[in-house]
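One structure below.
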Amino acid sequence: MNAFVKIEQGEAHLVIRVPLHVTKTVRFPIKGVQLDLANSGPAIQSALASLGRDISIWEDGRLLTAKSASGRLTLPSDRSFERYEDAVALVARQMDPETGIYIDQGYLDAHLTYPISSPAARFAIRTRVALELKAVDADATVVVTAPAGATASSAAPAARPATARRNIARHRATPDAR
């Protein structure tokens, strides 16, 4: 999993890429050996709701609730999650329904937005996505970007510099993490 968390005035953005093979609780429609992208809208919405439950973000110890969520399915060859801006732009675009993505290959890409009180608050994140992978050496990365004028410690506890890569498979933040 790869994710970006961007803190802005009034809201926090979580943009996350989850491999389809870890979304076993959601049944995507299939056509032969490929996903039926034209009819995958309800399954994507179900997967977004699941992500909203399985990823928790806190502001100063207060659990945040996503005010919006959008998502799409993406080919495994896509490299948009190397930069925050590219990831946001990709999630905003609809995928061509004729694109072929084989079952359990590719990604679910999502953008969740949370209302916040202050970009200078302390934020924590915890994921329960694919807990069954905890026994293996799973690679999950979150990039936290502090807003202009905020310090790295206020936007991402224990993270230096202002943009820091965090392995969320091995590091589980709690609401009171400092």
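Details
- Matching option when the condition is over 17 Å from the mean Cα position of the chain (by Cα), in contact (Cβ under 8 Å) with a residue 60 or more places away in the chain and over 24 Å from Phe123 (Cβ atoms), among Leu35, Leu20: Leu35
- Selection of segment 98-113 for residues being of a type in the set (Asp, Glu) and in a loop (DSSP other than H, G, I, E, B) yields Glu98, Asp104.
- Among the strands (runs of 3 or more DSSP E) confined to segment 8-96, the ones with at least 2 residues that are surrounded by fewer than 19 Cβ atoms within 10 Å (Cβ to Cβ) are located at 11-19, 68-74.
- Scanning segment 26-60 for residues that are out of contact with any helix residue (DSSP H, G or I) (no Cβ under 6 Å at 6 or more places or on another chain) and β-branched (Val, Ile, Thr) yields Ile30, Val33, Ile44, Ile55, Ile57.
A short reminder: the numbers here are calculations on the coordinates, not readings from a lab. It should be emphasised that the depicted structure is a prediction, and the values quoted were computed from it without experimental measurement. So basically every Cβ, Gly included, is an ideal-geometry build from the backbone, and we count neighbours across all protein chains shown.
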